[in-house]
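The values are calculated or read from the model by the stated rules, or taken from the named source; none is laboratory data. Everything numeric here is computed off the predicted structure, so don't read it as measured data. So basically every Cβ, Gly included, is an ideal-geometry build from the backbone, and we count neighbours across all protein chains shown. Just so you know, the surface numbers come from the protein's heavy atoms only, side chains and all, with ligands and any DNA or RNA stripped out. Shrake-Rupley method; radii C 1.70, N 1.55, O 1.52, S 1.80 Å.
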Amino acid sequence: MDSQNLKKFIEEYGLVSNVDIDKAMEEIKKDPSKDLGRVLIDAGKLSEEDLNIMKGHTLGIPLVDLKGEKIDTTVLFEIPEPIARKHNIVAYKKSDKGLEVAMLDPDDLIAIDFIKKKVGGKILPRLTDKESIRFALLQYQKSLKAEFGDIISKEARQVMATAEDLTGEELPIVHIVDTLLNHAIIQRASDIHIEPFEKDLMIRYRVDGILHDAMSLPMKIAPGIIARIKVLSQLRLDEKRLPQDGRFKIETGGITGSKVSFRVSILPTYFGEKVVMRLLPEDSKGFTLESLGFHGAGLEALHKAMRQTVGMILVTGPTGSGKSTTLYTVLDILNKPEVNISTIEDPVEYQMPRVNQTQVKPEIGLTFASGLRSLLRQDPDIVMVGEIRDKETAGLAINAALTGHLVVSTLHTNSAAGAIPRFIDMGGEPFLLVSTINVVVAQRLVRRLCDGNEKYFLSKAEIKALEAKADLNKVLETLKQEKVVKATDTFETIPFYKPKLSDVCPTGYASRVSIHEILPVSPAVKDLIIKRGTSDQIEAQARREGMLTLIEDGLFQAASGLTSIEEILRVANE
């Protein structure tokens, strides 16, 4: 719809005043590439929803209201929940004429094409509003909870009525485990915890970094569930006294037909064997550094380090801080036909095309050190070491970086500056470190806010409290440099957001984004390394050169509307 036609419809509906329309048209005259609808939305004069309704009217798409309407689950599940959420589209009615789907954006032809390929019949698009979509999406959760609860309760009763010794091959046990795995995938869990206690078997999912109780099962069926997971992971069924580690893969179905790998760890506890499974979606590729939360001068420093053909890029942080995802994203960017990339990992989390990946096996002598020593004879250009954890691996990584290789790896330290003393503790000579380390990245994961959250402004007392934890002037300067806020803004005029709980978004958060400290090894930092400076001295110098600390970068992300200040303070342990 061009600007002139849209202007007529807006005037006909009386949604925007003539004065505001005229102002928008003047702006379009200055820049013809702009669209009237987008200009009015950016100015806060028109909502996205109203614009879509007008588009639908011109296209002859009927408007439907789903609020309060119970959708048949067989129709609802014609569109998998992840696709429905991503594209704001739900199936609500099926007839001989075709499948009627309600959507927010009538221009989203990709979603229509996806669904048409899956369903194989005629798709009848209908327009609806956000509240209707929220109500329909909520029915996924209710239907799934009821469905999974019914399946597990029914199968558990069958198991309770059968023999004591369970091998994991019984059909009810198979159904229970399959249901648990599918439920975890749909909930976007990163880990499944199966924990035995005196009377109950507790199932918990970690979603967006937070553990939640999923369900409690009778302790009698615990041996069967553990046995089934051992069968899937090809582990020893008769070994119940020692820890075991394994892996298996399942098809998720859905439109894309993607696969999810499960990394399994089994540990004996007082009441039985505890299982923790890490979910690793194999289609988690295609990330960009920007989508992971990198920005501004830090992003430029990382790109500069990636353009080097020698040296070392280090990513630090605790377990579960997204280090592996960052490394895989860096490798994905560097993965070109003219370079040879080899990795040594524990474990191999994602398979990457054109990358030679090796998993360590300490029980047969294949350690990080021995594996790194061998793969350096394989003529690599870029080497990824999953983790530098001992003196021998540290020495080999430094030598690799000195002899014409770009090395990317991880360390377990709490800050970017702390990586240098840690390397020295592992036997790295300072004069070698200044010649090899290009950049150090420390990171954490914070939960991302859902849409429609509560806006507020910081009080003077809140600003004063934050000043004790971060350099707010530096954060404000960065926000202005990257044009996130206006040049005249202060922390009193910048809007922040609090999570707003809803049926569609129960915690107010969905998915995660990372916050970073990015420390380029500048000449001044090199001088401190040579003098064996402390991590505090190195951090102070890096901050003088413009580095944002984790909490400062978190405040930048909060001011950008991605997360909340409460979440930043929780994760940064301030």
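At-a-glance table
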| quantity | calculated |
| --- | --- |
| Residues being over 26 Å from residue 259 (Cβ atoms), open to solvent by 20 Å² or more (accessible area, probe 1.4 Å) and small (Gly, Ala, Ser) - total across the range 200-248 | 1 |
| Residue within the range 546-563 that is farther than 23 Å from residue 288 by Cα, of a type outside the set (A, V, I, L, M), at pLDDT below 95 and surrounded by 14 or more Cβ atoms within 10 Å (Cβ to Cβ) present | yes |
| Among (1) under 20 Å from the mean Cα position of the chain (by Cα); (2) within 19 Å of residue 457 (Cα to Cα); (3) at pLDDT 90 or above; (4) not polar (S, T, N, Q), the one test that residue 517 misses | (2) |
| Qualifying residues in the range 386-406 (those that are within 20 Å of residue 356 (Cβ to Cβ) and among the β-branched types (Val, Ile, Thr)) - the one most open to solvent (accessible area, probe 1.4 Å) | 403 |
| Count of the range 411-425 residues which are open to solvent by 10 Å² or more (accessible area, probe 1.4 Å) and outside any helix (DSSP H, G or I) | 5 |
| Every residue from the range 361-375 that is surrounded by fewer than 18 Cβ atoms within 10 Å (Cβ to Cβ), over 22 Å from residue 244 (Cα atoms) and either under 32 Å from the mean Cα position of the chain (by Cα) or in contact (Cβ under 8 Å) with a residue 12 or more places away in the chain (or both) | 373 |
| Residue 127 vs. criteria more than 31 Å from the chain's Cα centre (by Cα), at pLDDT 80 or above and open to solvent by less than 40 Å² (accessible area, probe 1.4 Å) | no |
| Any hit, the range 95-106, residues being within 31 Å of the chain's Cα centre (by Cα), of a type outside the set (Phe, Trp, Tyr) and open to solvent by 20 Å² or more (accessible area, probe 1.4 Å) | yes |
| Subset of the range 294-323 [under 12 Å from the mean Cα position of the chain (by Cα) and either more than 17 Å from residue 190 (Cβ to Cβ) or part of a helix (DSSP H, G or I) (or both)] | 323 |
| Residue match in the range 429-444 (condition: outside any helix (DSSP H, G or I), more than 16 Å from residue 312 (Cα to Cα), of a type outside the set (Asp, Glu) and open to solvent by 50 Å² or more (accessible area, probe 1.4 Å)) | no |
| Leading residue by the ranking (farthest from residue 449 (Cα to Cα)) among those in the range 502-521 that are part of a strand (DSSP E or B), open to solvent by less than 50 Å² (accessible area, probe 1.4 Å) and not polar (S, T, N, Q) | 519 |
| Qualifying residue in the range 480-501 (condition: crowded, with 18+ Cβ neighbours inside 10 Å, in contact with a strand residue (DSSP E or B) (Cβ under 9 Å, 6 or more places away or on another chain) and closer than 27 Å to residue 323 by Cβ) | yes |
| Cβ-Cβ under 6 Å pairs, at least 6 apart or on other chains, the range 474-494 side under 16 Å from residue 548 (Cβ atoms) and free of Cβ contacts under 8 Å to residues at least 60 places away in the same chain, far side of a type in the set (Val, Ile, Thr) and open to solvent by less than 70 Å² (accessible area, probe 1.4 Å) | 491/463 |
| Positions within the range 463-479 being part of a loop (DSSP other than H, G, I, E, B) and loosely packed, with under 12 Cβ neighbours inside 10 Å, in sequence order | 468 |
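Here's the yes/no breakdown for (1) crowded, with 18+ Cβ neighbours inside 10 Å; (2) under 23 Å from residue 560 (Cβ atoms):
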| position | (1), (2) |
| --- | --- |
| 277 | yes, no |
| 296 | no, yes |
| 301 | yes, yes |
| 304 | no, no |
| 312 | yes, no |
